[in-house]
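All remarks here apply to the structure that follows.
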Amino acid sequence: PASAKALDGLAKALIATGDYETAIGRLRTVPRDENLTLELGVAYKNAGQIESAEQVLTEGLKTYPTSNALAGSLVSLYVSDSQFETASKVAAGLALRKPRDIEAQLIYLHALAITGNNDVAMPLARSVLALVPHDADILQMNGSLERKAGDFPAARKHLEEAVALKPNDANIRAILGFLLEQLQDAAGAK
(Lines give C-alpha, C1' and ligand atoms only; values in the text may rest on other atoms or scores of the structure.)
Protein backbone atom coordinates (compact mmCIF):
# COMPACT_ATOMS: atom_id res chain seq x y z
CA PRO A 1 0.00 0.00 0.00
CA ALA A 2 2.95 2.39 0.36
CA SER A 3 4.40 1.70 -3.09
CA ALA A 4 4.45 4.82 -5.24
CA LYS A 5 4.32 2.68 -8.40
CA ALA A 6 1.31 0.72 -7.15
CA LEU A 7 -0.49 3.91 -6.08
CA ASP A 8 0.28 5.53 -9.43
CA GLY A 9 -1.12 2.56 -11.32
CA LEU A 10 -4.18 2.43 -9.08
CA ALA A 11 -4.78 6.18 -9.47
CA LYS A 12 -4.46 6.00 -13.26
CA ALA A 13 -6.94 3.10 -13.36
CA LEU A 14 -9.41 4.87 -11.06
CA ILE A 15 -9.19 8.09 -13.07
CA ALA A 16 -9.62 6.19 -16.35
CA THR A 17 -12.83 4.65 -15.03
CA GLY A 18 -14.11 7.97 -13.67
CA ASP A 19 -13.77 7.05 -9.98
CA TYR A 20 -12.17 10.36 -9.02
CA GLU A 21 -13.30 10.38 -5.40
CA THR A 22 -11.61 7.04 -4.65
CA ALA A 23 -8.42 8.23 -6.37
CA ILE A 24 -8.51 11.41 -4.30
CA GLY A 25 -9.09 9.41 -1.12
CA ARG A 26 -6.13 7.13 -1.83
CA LEU A 27 -3.71 9.93 -2.79
CA ARG A 28 -4.69 12.79 -0.51
CA THR A 29 -2.86 11.58 2.60
CA VAL A 30 0.14 9.67 1.22
CA PRO A 31 3.59 11.12 0.54
CA ARG A 32 3.54 12.07 -3.12
CA ASP A 33 6.23 12.09 -5.77
CA GLU A 34 5.81 14.01 -9.04
CA ASN A 35 3.57 11.35 -10.64
CA LEU A 36 1.28 10.99 -7.64
CA THR A 37 0.99 14.76 -7.35
CA LEU A 38 -0.03 14.92 -10.99
CA GLU A 39 -2.57 12.12 -10.58
CA LEU A 40 -4.11 13.81 -7.52
CA GLY A 41 -4.34 17.12 -9.38
CA VAL A 42 -5.98 15.40 -12.36
CA ALA A 43 -8.43 13.57 -10.09
CA TYR A 44 -9.41 16.83 -8.37
CA LYS A 45 -9.80 18.59 -11.74
CA ASN A 46 -11.93 15.81 -13.20
CA ALA A 47 -14.05 15.73 -10.04
CA GLY A 48 -14.76 19.44 -10.53
CA GLN A 49 -12.75 20.47 -7.46
CA ILE A 50 -10.82 23.16 -9.30
CA GLU A 51 -9.45 24.99 -6.25
CA SER A 52 -8.05 21.77 -4.79
CA ALA A 53 -6.55 20.82 -8.16
CA GLU A 54 -4.93 24.24 -8.44
CA GLN A 55 -3.52 23.99 -4.91
CA VAL A 56 -2.08 20.49 -5.43
CA LEU A 57 -0.57 21.32 -8.83
CA THR A 58 0.86 24.65 -7.64
CA GLU A 59 2.46 23.03 -4.60
CA GLY A 60 3.74 20.23 -6.80
CA LEU A 61 5.32 22.71 -9.20
CA LYS A 62 7.10 24.35 -6.27
CA THR A 63 8.54 20.97 -5.30
CA TYR A 64 9.26 19.93 -8.91
CA PRO A 65 9.80 23.27 -10.70
CA THR A 66 11.03 21.68 -13.94
CA SER A 67 8.15 19.23 -14.33
CA ASN A 68 6.61 19.55 -17.77
CA ALA A 69 3.71 17.33 -16.72
CA LEU A 70 2.78 19.40 -13.66
CA ALA A 71 3.22 22.72 -15.46
CA GLY A 72 1.26 21.50 -18.47
CA SER A 73 -1.56 20.26 -16.27
CA LEU A 74 -1.67 23.52 -14.33
CA VAL A 75 -1.65 25.53 -17.57
CA SER A 76 -4.49 23.36 -18.88
CA LEU A 77 -6.42 23.90 -15.65
CA TYR A 78 -6.04 27.67 -15.90
CA VAL A 79 -7.03 27.67 -19.57
CA SER A 80 -10.16 25.61 -18.88
CA ASP A 81 -11.00 28.09 -16.11
CA SER A 82 -10.44 31.04 -18.53
CA GLN A 83 -7.44 32.28 -16.53
CA PHE A 84 -5.40 32.83 -19.67
CA GLU A 85 -2.84 35.29 -18.31
CA THR A 86 -2.09 33.07 -15.32
CA ALA A 87 -1.71 30.11 -17.68
CA SER A 88 0.80 32.12 -19.74
CA LYS A 89 2.79 33.08 -16.64
CA VAL A 90 3.07 29.48 -15.47
CA ALA A 91 4.11 28.34 -18.95
CA ALA A 92 6.60 31.21 -19.30
CA GLY A 93 8.21 30.27 -15.99
CA LEU A 94 8.70 26.69 -17.15
CA ALA A 95 10.06 27.82 -20.52
CA LEU A 96 12.56 30.13 -18.81
CA ARG A 97 13.72 27.36 -16.47
CA LYS A 98 14.14 24.94 -19.40
CA PRO A 99 15.17 26.97 -22.45
CA ARG A 100 16.46 23.94 -24.40
CA ASP A 101 13.52 21.65 -23.62
CA ILE A 102 11.21 21.47 -26.63
CA GLU A 103 8.24 20.19 -24.62
CA ALA A 104 8.55 23.10 -22.17
CA GLN A 105 8.72 25.54 -25.09
CA LEU A 106 5.64 23.93 -26.65
CA ILE A 107 3.67 24.30 -23.43
CA TYR A 108 4.56 27.99 -23.47
CA LEU A 109 3.80 28.30 -27.18
CA HIS A 110 0.34 26.77 -26.78
CA ALA A 111 -0.40 29.08 -23.85
CA LEU A 112 0.66 32.10 -25.92
CA ALA A 113 -1.49 30.99 -28.85
CA ILE A 114 -4.52 30.48 -26.61
CA THR A 115 -4.12 33.92 -25.06
CA GLY A 116 -3.70 35.49 -28.50
CA ASN A 117 -0.22 36.79 -27.74
CA ASN A 118 0.92 36.22 -31.31
CA ASP A 119 3.73 38.79 -31.18
CA VAL A 120 5.59 36.61 -28.68
CA ALA A 121 4.29 33.30 -30.04
CA MET A 122 5.48 33.82 -33.62
CA PRO A 123 9.24 34.06 -32.94
CA LEU A 124 9.02 31.22 -30.42
CA ALA A 125 7.19 29.04 -32.95
CA ARG A 126 9.86 29.73 -35.55
CA SER A 127 12.68 28.88 -33.15
CA VAL A 128 11.00 25.62 -32.11
CA LEU A 129 10.39 24.77 -35.78
CA ALA A 130 14.10 25.31 -36.48
CA LEU A 131 14.90 22.73 -33.79
CA VAL A 132 12.25 20.22 -34.94
CA PRO A 133 11.56 21.01 -38.59
CA HIS A 134 9.44 17.97 -39.43
CA ASP A 135 6.98 17.80 -36.55
CA ALA A 136 3.36 18.06 -37.70
CA ASP A 137 2.13 19.79 -34.55
CA ILE A 138 4.85 22.43 -34.66
CA LEU A 139 4.25 22.95 -38.37
CA GLN A 140 0.53 23.35 -37.64
CA MET A 141 1.22 25.90 -34.90
CA ASN A 142 3.48 27.90 -37.22
CA GLY A 143 0.93 27.71 -40.04
CA SER A 144 -1.89 28.83 -37.76
CA LEU A 145 0.10 31.79 -36.44
CA GLU A 146 1.23 32.76 -39.94
CA ARG A 147 -2.37 32.58 -41.16
CA LYS A 148 -3.48 34.91 -38.36
CA ALA A 149 -0.63 37.28 -39.23
CA GLY A 150 -1.65 37.28 -42.91
CA ASP A 151 1.45 35.46 -44.18
CA PHE A 152 -0.58 33.07 -46.32
CA PRO A 153 2.23 31.61 -48.46
CA ALA A 154 4.26 30.55 -45.41
CA ALA A 155 1.12 29.30 -43.66
CA ARG A 156 0.17 27.23 -46.69
CA LYS A 157 3.63 25.68 -46.94
CA HIS A 158 3.70 24.72 -43.26
CA LEU A 159 0.13 23.44 -43.16
CA GLU A 160 0.54 21.36 -46.32
CA GLU A 161 3.67 19.78 -44.85
CA ALA A 162 1.79 19.09 -41.59
CA VAL A 163 -1.03 17.40 -43.53
CA ALA A 164 1.53 15.31 -45.43
CA LEU A 165 2.98 14.15 -42.11
CA LYS A 166 -0.41 13.55 -40.45
CA PRO A 167 -2.88 12.96 -43.28
CA ASN A 168 -5.67 11.76 -40.98
CA ASP A 169 -5.56 14.72 -38.58
CA ALA A 170 -8.88 16.49 -39.09
CA ASN A 171 -7.79 19.59 -37.19
CA ILE A 172 -4.78 20.27 -39.42
CA ARG A 173 -6.90 19.60 -42.51
CA ALA A 174 -9.56 22.04 -41.30
CA ILE A 175 -7.02 24.81 -40.69
CA LEU A 176 -5.53 24.26 -44.15
CA GLY A 177 -9.04 24.23 -45.63
CA PHE A 178 -9.87 27.59 -44.03
CA LEU A 179 -6.61 29.02 -45.34
CA LEU A 180 -7.28 27.74 -48.87
CA GLU A 181 -10.76 29.25 -48.68
CA GLN A 182 -9.20 32.60 -47.76
CA LEU A 183 -6.91 32.20 -50.79
CA GLN A 184 -10.03 31.57 -52.91
CA ASP A 185 -8.94 28.04 -53.74
CA ALA A 186 -12.39 26.46 -53.37
CA ALA A 187 -11.37 23.11 -54.86
CA GLY A 188 -8.36 22.81 -52.56
CA ALA A 189 -10.41 23.90 -49.54
CA LYS A 190 -13.03 21.27 -50.30
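Some points to look at:
- Anchor Lys45: aspartates and glutamates whose Cα lies under 16 Å away (excluding residues fewer than 8 positions away in-chain): Asp19, Glu21, Glu54, Glu59, Asp81
- Span from the the stretch 15-55 Cα centroid across to the the stretch 103-154 one, whole angstrom: 32
- Estimated translational diffusion coefficient (Stokes-Einstein, Kirkwood radius over Cα pairs, 37 °C, 0.692 mPa s) of the stretch 26-65: 335 µm² per second.
- Think of the chain as having a plus end and a minus end, set by charges on the Cβ of Lys, Arg, Asp and Glu; of Ser76, Phe152, Leu109, Leu109 sits farthest toward the positive end of this dipole.
- For the stretch 14-28, Karplus couplings with θ = phi - 60° (6.51, -1.76, 1.60), whole Hz, Gly/Pro x: 5, 5, 4, 8, x, 8, 5, 5, 5, 4, 4, x, 6, 9, 4
- Ordered from largest to smallest accessible area (heavy atoms of protein chains, 1.4 Å probe), the residues Lys89, Lys45, Lys190 come out as Lys190, Lys89, Lys45.
- Ellipticity at 222 nm from helices only: DSSP H runs of n ≥ 4 in the chain, each -39500 (n - 2.57), divided by the residue count, give -24500 deg cm²/dmol.
- Cα convex hull of the chain, projected area averaged across orientations, nm²: 12.0
- Across the stretch 93-190, counting alpha-carbon atoms alone, Rg and Dmax equal 13.5, 46 Å.
- Check: the chain dipole with +1 on Lys, Arg Cβ and -1 on Asp, Glu Cβ, in debye: 200
- Over the stretch 1-95: Rg over Rh, Cα atoms, Kirkwood Rh: 0.97
- Angle of helix 68-80 to the longest C-alpha principal axis of the chain, folded into 0 to 90 degrees and rounded to 10: 70°.
- Candidate cross-link partners of Lys5 among the aspartates and glutamates, defined by an alpha-carbon separation under 13 Å and a same-chain spacing of 8 or more, comprise Asp33, Glu34, Glu39.
- Placing +1 on the Cβ of every Lys and Arg and -1 on the Cβ of every Asp and Glu, with nothing else charged, gives the stretch 105-170 a dipole about its Cα centre of roughly 100 debye.
The values are calculated or read from the model by the stated rules, or taken from the named source; none is laboratory data. Because the structure is predicted, anything quoted here is derived from the model rather than measured. Cβ: placed from backbone, ideal geometry, glycine included. Neighbour counts: every protein chain shown. SASA here: full protein model, heavy atoms, side chains in, ligands and nucleic acids out. Shrake-Rupley method; radii C 1.70, N 1.55, O 1.52, S 1.80 Å.
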